[in-house]
1. Taking springs between alpha-carbon atoms closer than 10 angstrom, which of 57, 156, 292 fluctuates most in the Gaussian network model of the chain?
2. Could you compute the FRET efficiency for residue 168 and residue 70, with r as their C-beta to C-beta distance and R0 at 41 Å, rounded to 0.05?
3. Sorting 58, 246 on the 10 Å Cβ count, fewest up front, what's the list?
4. Roughly what would the spin-label model give for residue 282 and residue 120, points 7 Å off Cα along C-beta, in nm?
5. I need 204, 6 ordered by Cβ neighbour count within 10 Å, fewest first.
6. Tell me, what is the FRET efficiency for residue 291 and residue 142 to the nearest 0.05, using R0 = 45 angstrom and their Cβ-Cβ distance as r?
7. Between residue 231 and residue 196, what is 0.36 nm times their sequence separation minus the Cα-Cα distance? Round to one decimal in nm.
8. Listing 98, 213 from the residue with the fewest other Cβ atoms within 10 Å to the one with the most, what is the order?
Amino acid sequence: MSWQARALTGFMRGTVKPASSLLMRHPLALVCAARLGDLARLVQLPYPEQVAVAPAHLSSCGGEWVRGGEGLDERKVVLYFHGGGYFSCSPGTHRPITWRLSAAAGRPVLALDYRQGPVHTLADSLSDAMDAYDCLLGRGHAAGDIVLAGDSAGGHLTLATLLALRDRGLPLPAAAICLSPWTDLTDAPRRANRWQDPMLPESRVRWLARRWTSGLDPRDPLVSPVHGDFTALPPLMIVTGSTEVLRDEGRRVAERARRAGVAVRYEEWDRMPHVFPILADVLPEARLAFRHIARFLGAVAGRPGSLEDPAAA
């Protein structure tokens, strides 16, 4: 564990986690966070000059095209779903991930600005994801040239989209990448890493899950993908931190998918915080994670390497 990671996780433990515990106790907090998210859309996070960002206009929502350098294969694309608990953040807040993901994948990234709560529902977010995928197919991208990816709630949306595409008999993408995915929205307590997680309070994760699943069956695979049947899905890469409160959810998805015959590359990084690849500007471990993603996608494309055997983290 790098000194940068030790310092950052210590800072998070003393600031981000207590703030989350205090603020996420009333529905009004979600409304305020969503309003702050609207303001955050006006902020243009810096990125290297070789990176190009352009607005994307789709049938039901917007987003942005992110190109992490020159010489990308424009026939191929990564469809990316940002995290934020389904109530905050945007493609702009996740550019530290999307431009590096574009460079690692050697293709453009379409970061989707999908609808979120508290105004919209999980079904609205999934509908936007399905529409965006259909738009890519309509624009001439073959399903096998598309990769789905997302972090946290976006990892949830990635898995739900895969299951919905499969269940509707639609062509599936080549692979999917989930960073610290939130996959279990039932009210089950999370005992593993409850105290070790430097960022997410377990009780607030459960509170948020109850908000989004009100009136729904929380064990429906499109609501809690951890309960899904992963038969016939494409290769999956799941990246998580060893002390995350969501760690076991990603691990359970990996185990269920492997039992269903899916090639899974599961990486559990020592003491890394939630969605640590977004911290690549400061964490050497986060920068290394993108090299692992590049190797995974290379193996999916048929280049030498194993889909299932991760390099030591």
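Values quoted throughout were computed directly from the atomic coordinates according to the rules given, and no laboratory measurement underlies them. Note that the structure is predicted; figures quoted are calculated from it, not measured. Cβ: placed from backbone, ideal geometry, glycine included. Neighbour counts: every protein chain shown.
1. Ranking 57, 156, 292 by mean-square fluctuation puts 57 first.
2. Working: r = 37 Å, r/R0 = 0.90.
Efficiency, rounded to the nearest 0.05: 0.65.
3. Placing the least packed residue first, the sequence is 58, 246.
4. Result for the modelled spin labels: 3.0 nm.
5. 6, 204
6. 0.95
7. Details: separation 35, 0.36 × 35 = 12.60 nm, distance 3.33 nm.
Answer, rounded to one decimal: 9.3 nm.
8. On the way: 98 28, 213 18.
Placing the least packed residue first, the sequence is 213, 98.
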